Each structure stands twice: as structure tokens, then as C-alpha cells.
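Note sheet for the following structure.
Read-outs: derived from the displayed coordinates by stated rules, not from any lab. The structure presented is a predicted model; accordingly, all values stated were derived computationally and were not measured. As a convention, Cβ positions derive from the backbone with ideal geometry for all residues, glycine included, and neighbour counts pool all protein chains shown.
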Amino acid sequence: MADVKILLVEDENIEAMDIKRTLEFFGYEVPYVASSGEEAVEKALEIMPDLILIDVVLIGDSDGIDVASKIKEHNMPVIFITAHSEESTIERAKHTEPYGIIIKPYNRIELKYAIELALYKSQMENELKESEYNLRLILNSTAEGIFGIDLEGLCTFCNTSSLNILGYDNPNELIGKNIHDLIHQYETSILGFKTGKHVHMADEEFMMADGTIFSAEYWSYPQIKDHEIIGAVVTFKDITERKQAENELLESEDFLKNIVENIPNMIFIKSADKLNFEMVNKAGEELMGYSREELIGKTDYDFFPKNEADFFTQKDREVLQNKKLLDIPEETIENKNLGQRILHTKKIPIFNKEGNPQYLLGVSEDITERKNAEKALINSEKRYRTLYSSMTEGLAFHKLIYDDSYDPVDYEIVDVNSAYEEILGISRKEILGKKASAIYGTDKAPYLEIYYEVAQKGNPTHFETYFEPMDKHFSISVFSPSIGTFATIFEDITERKIAEEQLKKSLAEKEVLLREIHHRVKNNLQIIASLLHLQEGCIDKKDMVVDVLKESQGRVKSMAMVHEKLYQSPNLTEINFKQYIEKLVYDILCTYGIKIGTIKVQLDIEDTNLNIDTAIPLGLVINELITNSVKHAFPKSEGTITIKLKSQPENMAITIADDGIGLPKDIKLENPEKLGLQLVQSLVNQLDGDLKLNTDNGTEFKITFKELKYKKRI
């Protein structure tokens, strides 16, 4: 007890001395005895005693109760000694919360017990305060908000984190208030003391002081005293960021899951111990031909032929044993729906925390179509190479060469076939990678402008040319596989060109000969016509022989006129029939001495060309019918002759009519008696035509025919 210091405050010296000796007898230290209130306050703050024993009545302005009030905040226990037991004094002393009141007179035992009880009570309070301080320190140092509620839901305490999370400045804004009305509408926390059980809510909405809603996780624990529930303690934390992170993680997981699920390659996961399927994506279902429900938990041996399953398992074990990625460029799998498929697979182990393989991840790409395409490409390449090497035409691939302004200046020979070497007499080794101007010995690359146009625009072209450096004629086709490149397919047509020139020369010679023949035939026919005319002049004009001679003369002239037109025609096979008819009619009128204006001629002739096989018989028909009209239709030498020639969809039609006296009614075209009509009928048949006669208003002959096919005679 010697460590216990007691400050004695007593203004009666004798009594103070007695009390001091008594206290020292009990083993307490009395470092100072004060006699006034002011002195007592000063010494108390200086000594900081464990207990103050003070008389209520002191000299000076301050009594013992005033002293106790002044030092109360320093937590020094006080015992009052007083001879006054009035109720007013006692009530006044109570407000200072003394640790005891001793009424004079007292004995030593009462004093001892009062001091020991006060010291014990002070010690307990200090320990409680320290415990409360430590508890408060713990409460305020936690990141979680903590508050207490009583059975009515009123807040009994709250820590600093509660205020910070909820947005309050002072604990008094919560303490004593209904917590549910302030922070949330649900009363789940009340379940902690209503049911007497611990309650946990993983996600609930709390409300801040400004009305903002946030997500919170909280725990409610019932508080039990004397086997009765007196309230609950609630611990909570703001999980807004965590929830946002969880949502982002879920979105990220969903995103990755969607990628894995919708990626076109098969993705699968197997366990490292049993190699049974743990996960398969949609592409894996399609590629293996089974649903994931059928696959999960099973191994390759449950679905595939043993040889395939053995191969897959061997590769899996190899990956897990070597603990590294394995690339399998090509493996086959038997799909029950698609048949055999070819896969390119990569497998890699997935390790646990200890660094041991826990799973096997596989990614397989279906390369069946690509492999088939490669085979087809190889076959196509073989066919191409066969065609390339067996072509009789020369084939060469070229690449344009540009200057700095991107203008073409030359072209490089990239590849040629064997026919190129044979036709041009240049070996492949000499020309590959060389410039065309250097190979062909020209200042400028041959036909550069033509090749540039094709290589830039991609429009193929063909031309024939004489290449002077080689003294050869070539037929060249050009196309462009891609911009800036072109290929030429060519053949040597020198012999063909020589043959064509010889043929042209021969045809020219024959044309000269044919024109000479036509000229001589025309002249000979003209001589015959002239002889007939001279003979006509030497006989009696009334003799019918004159008519015969004139008719023969007209027929000869009509044939001669055809040869004349052929002689004048550019191609020697056709004549302009409109011009022919116009001249023929004019000559007939002149032959019979018809004066201009007496017999009118109306021509409606389509401008058309007819070959010689059609023109001669048709010309004779026209000659016979016009001559007949001139001789017999117009007794008064007045009238009109009409000639029409028109093309129809499938044939041609010529109409020869006059408005004269007409033919006798008994004329029969099927078997005419007159030579002229007999000739007409025969010539129409020669034309494979049809002859019709109409005598209603004068005479009208209509002949429909097709142009005869010309038979070449050279």
C-alpha cells in the first residue's frame, strides 16, 4: 500500500495530523496535507494522487465539493469527510460522483474500509475505461461499420467506420435513433435478437445520410445478458466496388465463355488423371458428333475406334509427362455424322498450385476442307504443269518494270514453257529474270504499250504482228493474272502468212481473169445483138421475122447487161438489181422506138443486190413481160407500166403490170402457147418461184421467189 498516495485536505490541523498518522498506519503515503480549496486543486494536479480525502468545509472561498468538481475531469477518486449530514449537502456532493462520504465522527475501521472500497472501485473503473478504450480503438480501427441496437431497434453505439460509410458526421446522429428508419427499410438485423441466431445477409441495400443507396453485406449477432436477449450488434461493409468488380468479372467470364463457346475451333478440357472430358464447346460437339452431356465424364474410348482413341491418349500422356505444349499438325477423327475429319490439334497442360498437371487443354481446327483443297490444288498444279509443258503455243509470264515516275520502261521474263524455247530458239536459262529489251535485242521492249494497257486494266487482247528482229509473224494473245503482270500465248504464223499472201495473189489473178471473161462475154453478146439488129435491117419490116429478131435481141441484151453489171461490181458475184431494172426498161423502150412520154414507166424497186444465178433468169422474165406489154398492151401507144420489187419476211416479190387492153381470157399459164410465156413459166420454175396472173384491170404478173444460192465456179 505504500505505493498508494493520498492527498489529505483538512483545515483543522489537529484533525489533519490525526488522519495523516492513521493513513500512514494503514500503509498509505500522504505526500501533502492541504488546508484550502485552492491549495488542494494545485497540489492535486501536481501530485496526481491515487485518492483525495477531503473535508467538505474548508477555509477560503472554495469548499471540498468545489475542489472535487474542479478535479473531476482528471479521474481522481474523492472521499468526502463531513460533520454535516444535511440532505442538501449530501445531494450537492453526489453531483461530483464521490467514491465515498464519511460522516464525523468516524472510527479508523470505517475510514480504512471506505478508502479500500474507493481504491478498488477506482481500479475497476480504470480497468473498465481501459477496456472500453481498447474496445473503442478496435471498433474505430476496423474497416467494417459496427453498431448496436436494443430491443426497440434503437442504435446504442456505432463506430467511426459506420459514420464514414453511412455519411454521418457525429455518432449522436445515429445513437438513440431507429437505425432501420435511417439506413434501410428491411429489418433483417432484428432477426438477430428476435430469433437469437446469427444472421448473415450477403447483399442488401443500405441508405446513406444523403439518400444514396448502396449495396452492403452485414452480419447481425444477438446480445445476451443473464440468459436474455437485450439487443444485437451489427457489422456491415460497403460492397459496391466488390459487387461492381464481381459483375465485371461475371461479364468478363460470360464474354470469355461466349468466345470459347462460339469460336469455330473445338476446345476441350480433360482431367489429368483419367483423361475424361471436363468441358467441350459447341464446335467440339459438332466436330465429335456428340452432345456435351454425352461427352462430359467420358473418355475417347467411349466414342472413337480403338486405334484413334489409342493415338489421342498417347498424345495426351505425352503432353502431361513433358509438361509442355504439343502441336499435332494432322490427326484424323471419325465423326458419326460427318464421317472422317482431319484435325490440326494443339494440347497443353494446366497446372495446379503445386505445379503438377491438373487438366489438359486441347484446341482442334477442322482442316478437312483445307487438306482437300490442297490435294485439289496439287492435282490442278499437275494438270496445269502437264498442259503448260505440252502446249504447242508458246507461253510466257512477265512482270512490268517501272521508272521513278511509275511509267513502264521494260518488262522482265518470269517463266516460259518449252514451246517458247522451240518457237523462238531461246533457252529458258538464258532469259529468266532478264529484261525483254536485252533478250530480243531491241532498244525498247517489244509491244510495251499494249502489254502495259493489259497489265494495268486487266482487259485481255489479241493481235497479229510481224517481228522484224526474228523475221517472223506471230499471233499473240495477252491477259493479266494480276496488276503489273501479264502473260502471252503466241504461235508462229509465218507460214500461214506466206500462204495467205500467195492465196491473195492467186485470187487477184483470178479476179482479173474473171473480169476479162465477163467483159468478153458482154462484148460477144453485144456483137450477137448487133448482128441481129443488122439482120433486121436487111429484111422486110412487115415480116414477122423482124419481131423474132427484136425479141432475141432483147433477150441477149438482158443477159449481156447482167455481165456488164457484174464486171462493174466490186465482188463479181452480185449486181445492184435496182440499177439493172432501170437500164433494162430503158433499153427495151429504145429497142421498140417508144417515144418519151407515150408509155410511162413507174418503178418501185427496193435497193437490193442479187447474185448472178438469180439475176439472169429474173432479168429474162422482166425482159419478156415488159417486151410483151410494149408490143401488145397499148394499141394507141399510150399507157403505164408499173414494176415493183419488195423483200418479204421469207422471200421476195416482183410485180409487173400495165393498164393496157389485157391478155385474152383463154390464156393458160399452166400450158401457154406463146414462146414468151413459155419462157417466163420456165424461168420462174428455175427460180423455184410462184407466178400469178391478174387481168381485172389490164395485166398484172406477180412472181414470188427466193434468191438462189450462188455456186462458186472458181
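Which of the pairs LYS644/LYS668; LYS129/LYS197; LYS631/LYS674; LYS434/LYS457; LYS257/LYS315; LYS434/LYS497 have their Cα atoms more than 19 Å apart in this structure? If you can, show how the numbers build up before the last one.
Values: LYS644/LYS668 24 Å; LYS129/LYS197 30 Å; LYS631/LYS674 14 Å; LYS434/LYS457 24 Å; LYS257/LYS315 26 Å; LYS434/LYS497 30 Å.
LYS644/LYS668; LYS129/LYS197; LYS434/LYS457; LYS257/LYS315; LYS434/LYS497, as the Cα separations exceed 19 Å there.
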Please work out the FRET efficiency for the pair LEU182 and LYS353, using the Cβ-Cβ distance as r and a Förster radius of 56 Å; give the result to the nearest 0.05. 0.80
May I ask you to list the residues of region 97-138 whose amide nitrogen lies under 14 Å from a point 7 Å from Cα along the Cα→beta-carbon direction of ILE175? 132-133, 136-137
Anisotropy class of region 250-360 from Cα gyration tensor, a/c 1.5 cut: oblate
Counting other Cβ atoms within 10 Å, keep those with at most 11, restrict to DSSP loop, and tell me which GluC sites (Glu not before Pro) in region 118-158 are left. GLU152
Search the structure for amide H atoms under 5 Å from the amide H of LYS472, placed 1.01 Å from N in the peptide plane, and list their residues when 5 or more places away or on another chain. PHE467
Could the peptides 288-299, 375-386 be put in order, highest first, of the mean number of other beta-carbon atoms found within 10 Å of their residues? 288-299, 375-386
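Pull out the extension gain between GLU500 and LYS595, defined as 0.36 nm times the separation in residues minus the alpha carbon to alpha carbon distance; nm, one decimal.
Numbers: separation 95, 0.36 × 95 = 34.20 nm, distance 5.48 nm.
Value of the extension gain: 28.7 nm.
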Karplus (6.51, -1.76, 1.60) ³J(HN,Hα), θ = phi - 60°, over region 471-487, in Hz, Gly and Pro reported as x: 6, 9, 9, 10, 9, 10, 10, 10, 9, 10, x, 7, 4, x, 10, 7, 10
Could you work out the pair-distance distribution P(r) of region 1-130 from its alpha-carbon pairs, with 10 angstrom bin width and percents rounded to whole numbers? 13, 50, 34, 4
Would you work out the relative contact order for the chain, in percent, from Cα pairs under 8 angstrom that are 6 or more residues apart? 4 percent
Under 16 Å Cα to Cα from LYS665, which aspartates and glutamates show up? Leave out anything in the same chain fewer than 8 places away. GLU673, ASP696, GLU700
If you place +1 on the Cβ of every Lys and Arg and -1 on the Cβ of every Asp and Glu, how big does the dipole about the Cα centre of the chain come out, in debye to the nearest 20? 7860 debye
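Given the DSSP H assignment, sum -39500 (n - 2.57) over each helix run of at least 4 residues in the chain and divide by its residue total; what's the result at 222 nm in deg cm²/dmol, nearest 500?
Working: 22 runs with 303 residues, N = 714.
-13500 deg cm²/dmol, from helical runs alone.
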For region 5-132, what is the relative contact order in percent, using Cα pairs closer than 8 Å and at least 6 residues apart in sequence? 21 percent
Once label points are set 7 Å from the Cα along Cα→Cβ at both LEU250 and GLU42, what is their separation, rounded to one decimal in nm? 7.4 nm
Using only the C-alpha atoms of the chain, find the volume of their convex hull and express it per residue in Å³. 545 Å³
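Relative contact order (percent) for region 238-360, with alpha-carbon contacts under 8 angstrom and 6 or more residues of separation?
Numbers: 162 pairs, mean separation 24.2, N = 123.
Once normalised by length, the contact order is 20 percent.
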Can you tell me which aspartates and glutamates have their Cα less than 12 Å from the Cα of LYS274? Leave out same-chain residues fewer than eight positions away. ASP300, ASP316
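Grab the Cα-Cα distance for ILE439 and GLN648, subtract it from 0.36 nm times how many residues apart they are, and report the gain in nm with one decimal. Don't skip to the answer; put the middle values down first.
Details: separation 209, 0.36 × 209 = 75.24 nm, distance 6.20 nm.
Extra length from ILE439 to GLN648 when fully extended: 69.0 nm.
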Of GLY619, ILE229, THR485, which is farthest towards the positive pole of the chain's charge dipole, taken about the Cα centre with +1 and -1 on the beta-carbons of Lys, Arg and Asp, Glu respectively? GLY619
Degrees, to the nearest 10: 675-686 long Cα axis against longest axis of the chain: 30 degrees
Can you report the principal axis dimensions of region 391-492 using only the alpha carbons, biggest first, rounded to whole angstrom? 36, 25, 23
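Where does each of 689-696, 34-41 land if you order them by average Cβ count within 10 Å, highest first? Walk me through the intermediate numbers first.
Numbers: 689-696: 13.6, 34-41: 20.5.
Packing order, densest peptide first, comes out as 34-41, 689-696.
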At a Cα cut-off below 27 Å, give the lysines reachable from LYS20, other chains included and same-chain residues fewer than 8 away excluded. LYS5, LYS43, LYS70, LYS72, LYS94, LYS104, LYS112, LYS121
